[in-house]
């Protein structure tokens, strides 16, 4: 019994006090680890790392032999690194094989033999690309003389530099469909100036952009979009600091990626950055790296391979998730309509009045027999609406052609006239009543159905803590009547103009906030009565649709709430965002000047009704003309004739290179087809199909009547350069 206790105690003490002697009695083994590095010329050899844990031994010698034949494969010196002896040896390893190693050290007699079963490792290809912003390229080109820009491009392009096809949109208040469709134009212009090509890959900061932006980028020849969070920046891999530093960074980075089984033989990794400095600093490192290793191979500037890698990876993730590429907001907060809708008529002004390219210049050129007013319609749809004349008077003008004008003889408009005080205005289309305390709309009834559109206990156009300080009623003969309410709120004084028209089937609400900074908004509440669980709204290039509630949405011009009883259509300008609750309450974020136009439909809307209503928010422009000019143009007309009601011309402008005009078209829900464009006020005899960055693709076909044919995809976009004989 004592012997067992003694031995037990002694054994524990030996393990605790003499660990080195115990370890020395066991023969230490050597570990063989195949690395990801493969040798030239074709990657048939692999760098195998041997590790042996032997204390107090400064070095050793290792012989490696084939496991079957015993043939010597190589000899390596083992040197101490930390707690281990480490040695490396290039070995043929294109298929699994067995080897054994013999380790000799000064601390032991004889050899330490270990059997190893080795398997091939992946042969990685790393694609390197620098997607520089257009601004960075512009700044660089501006510092270099035009004669030396080609030499600079010859320096940048071999370093993997391409101009990023993605470019931030302009100020929020100017965003629209055309801004979206031309999102790659800054990159194209920078490319033209510098000689550095536009990338077929776009690097996007933040999350992935939404589907429409992906479609637009594809329409501008950008083949793939990658989020900055999906790739590793070259700086983090040490490629600017020499091969030794890059090796220390790249090896653990690749080992952590673990390629899928089907990609184990030739997996792909992406290194994409946006800074020019690392690209230029890394050129020598990359050359040195590729001279040392067949794999991992560093390819520079091979965009086709990058597109394939991104597409394959995204398709694999989508298949695994059972869905397409996830949509995101693309960091695009869409706000009001275009800041200057009158700019749509610049091509006509350039043609008719080249010395004064403006609406006033056009008006002074017409040779009408009598004086009058030209009313311009910047919308892609013909429409009727209210025009405000130069003297402040108003007039309903009917059937103004799309992207065109109508001449109205000098009969003048009607100025507003004061009427007896009232809180109610009405027409055959609607009846509106405001409350005396806060000035909000507490009743709005549809004239055709009698339906009350204001929810019980709620209001429309309500502001928190609003106090009505003044209200007056005005009537405009032939136009309608309006209530003008001045309210004091925490955001400042707000003047609200609420108009019910005699001939137009909608109600218009205009709010002006005094002393509100340009980057601030106010919350305006609309509590609607009908059950309207479905929400649609206009976004650049299309429509978003979802069930309410919606925490935030950003319509460009219109939003529609739909239910079994019908649809409520809202047109907006000056609105940066909104939310919709289950109880029918909509809260909009309005700027210092915002307008909401409401129309009720007893039935579901036709597909293009919201578009026509929304584009009708672009104001009609009225300019007087004496008729004494010399331009022989008709009394009404449109700039370009598009005989397809489901297609909108969302942009018409002189080409960036000065050759012809470029028209941007958007389909609103028809099938794939060829759109017929015919001359209107703007003459053209031929067309060239371009991409969305105005780079020519091929000549457009024409039909027997001479119309230019422009192919367009369902809910897609197209661009065409219109040319004259001259």
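Derivation of every value follows stated rules applied to the coordinates shown; laboratory data play no part. All figures in this text were calculated on a predicted structure; none of them were measured in a lab. Please note: Cβ atoms are built from the backbone with ideal geometry, for glycine as well, and neighbour counts cover all protein chains shown.
Each of the peptides 145-153, 553-561, 78-86 was scored by the mean count of other Cβ atoms within 10 Å over its residues; in descending order, highest first, they stand as 553-561, 78-86, 145-153.
Angle of helix 185-194 to the longest C-alpha principal axis of the chain, folded into 0 to 90 degrees and rounded to 10: 60°. Distance between the C-alpha centers of the range 117-173 and the range 521-548? Whole Å please. Taking the Cα centre of each part, the range 117-173 and the range 521-548 sit 41 Å apart.
Sequence gap at least 6, Cα distance under 8 Å: using those rules, report the relative contact order of the chain to the nearest whole percent. Worked out over the chain, it gives 10 percent. Based on Cα contacts under 8 Å between residues 6+ apart, the range 417-615 shows a relative contact order of 17 percent.
Could you let me know the centre-to-centre spacing of the range 244-313 and the range 703-726, using Cα atoms, in angstrom? If we compute the Cα centre of each part, the gap is 43 Å. One Cα centroid belongs to the range 26-75, the other to the range 493-519; the line between them spans 81 Å. A protection proxy built from the mean count of other Cβ atoms within 10 Å ranks the segments 431-440, 565-574, 699-708, most packed first, as 565-574, 431-440, 699-708. Packing here is the average count of other Cβ atoms within 10 Å per residue, and on that basis the peptides 111-118, 715-722, highest first, run 715-722, 111-118.
Once both axes come from the Cα atoms, what is the angle between helix 303-321 and the longest principal axis of the chain, in degrees from 0 to 90, rounded to 10? The answer is roughly 90 degrees. Angle between the Cα long axis of helix 2-17 and the longest principal axis of the chain, 0 to 90 degrees, nearest 10? Relative to the chain, helix 2-17 is tipped by roughly 60 degrees. Of all DSSP-defined beta bridges confined to the chain, some 90% are antiparallel rather than parallel.
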